[in-house]
Amino acid sequence: MKIRTLLTTLAIFSAILAFSQAKDPKAVALLEEVSKKAKGYKSIKVEFSYTMENTKAKINEEKTGTLWVSGDKYKMTAAGQTVICDGKTIWTYIKESNEVQVNALENKDDALTPSKLLTSYNTNYKSKIIKSADPAIESVELIPNTSKNFTKAILGIDKAKKQVKSFTLFDKSGNTFTYKIKTYLTDTPVTDADFIFDAKKFPGVEVIDMR
């Protein structure tokens, strides 16, 4: 999967904890509880798998990745690529070509970033509880209030732990992105240096500054 597609879908994934003006107060309360609990951790590390399916185009791709989150900072690795953000700058390192693209994080307050994956909510979605095949999982359907590049999303929440377990995104191009969290670790030791790209550790790396 191209880095742009990966980053875009994970950025949308980051908006899943949506505290909304929905008609379903149970869904609103659940999402708020999950968000509040996640914000209480100093850091979160998750290992996940994700698939991209498009029946019409006969596409079925499966990848795995890891995401570390600490406040506004994050580091994500998947498909031979690493995306690092210190809250202001985003570095996208592509191992195959040994190059890193550098971009500024624009509109910080409104940006949908992986840092919001397990910690944030907003008012841009209508949410409601829907039937779940797994009795241990609470499923929440999210519909955007305004036009987005996706039509809906389904969030799976562990009822007992109040943690995100899965997320499925349906976009307007007929693609279905499914994320499943395999491990969820909290308060793992991290430092600011973990969220900054150090070119010295990548001999010969080509730096493409796009700021």
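The values are calculated or read from the model by the stated rules, or taken from the named source; none is laboratory data. Everything numeric in this text was worked out from a predicted model, so none of it was measured. Here the Cβ positions follow ideal geometry from the backbone for every residue, glycine too, while neighbour counts run over all protein chains shown.
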Residue count for the stretch 33-72, restricted to those that are in contact (Cβ under 8 Å) with a residue 60 or more places away in the chain, more than 19 Å from Phe150 (Cβ to Cβ) and assigned to a loop (DSSP other than H, G, I, E, B) = 3
Which pairs have Cβ atoms under 9 Å, sit 6 or more apart or on different chains, and link a residue in the stretch 132-145 that is free of Cβ contacts under 8 Å to residues at least 24 places away in the same chain to one that is surrounded by fewer than 18 Cβ atoms within 10 Å (Cβ to Cβ) and among the small types (Gly, Ala, Ser)?
-> Ser139/Ser132; Ser139/Ala133
What is the one condition in (1) surrounded by fewer than 12 Cβ atoms within 10 Å (Cβ to Cβ); (2) modelled with pLDDT under 50 that Leu117 does not satisfy?
-> (1)
Select from the stretch 163-195 the residues that are modelled with pLDDT of 90 or more, assigned to a loop (DSSP other than H, G, I, E, B) and surrounded by 15 or more Cβ atoms within 10 Å (Cβ to Cβ) and list them in ascending order.
-> Val190
Among the residues of the stretch 69-94, which ones are surrounded by 21 or more Cβ atoms within 10 Å (Cβ to Cβ) and among the hydrophobic types (A, V, I, L, M, F, W, C)?
-> Val69, Met76, Val83, Ile84, Cys85, Ile90
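Out of all the residues in the stretch 80-104, which are hydroxyl-bearing (Ser, Thr, Tyr) and assigned to a strand (DSSP E or B)? If you could, list the steps in order and put the result at the bottom.
Applying the first criterion (hydroxyl-bearing (Ser, Thr, Tyr)) to the stretch 80-104 yields 82, 89, 92-93, 97.
Listed by number, the residues that qualify are Thr82, Thr89, Thr92, Tyr93.
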Across the stretch 52-68, which residue is surrounded by the most Cβ atoms within 10 Å (Cβ to Cβ) among those that are in contact with a Phe, Trp or Tyr (Cβ under 6 Å, 6 or more places away or on another chain) and closer than 12 Å to Phe177 by Cβ?
-> Met52
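Would you mind finding the one in Lys201, Lys152 that is surrounded by 14 or more Cβ atoms within 10 Å (Cβ to Cβ) and either modelled with pLDDT of 90 or more or under 21 Å from the mean Cα position of the chain (by Cα) (or both)?
The conditions single out Lys152.
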Just a yes or no: is a residue in the stretch 17-25 over 30 Å from Thr191 (Cβ atoms), modelled with pLDDT under 85 and within 15 Å of the chain's Cα centre (by Cα)?
-> yes
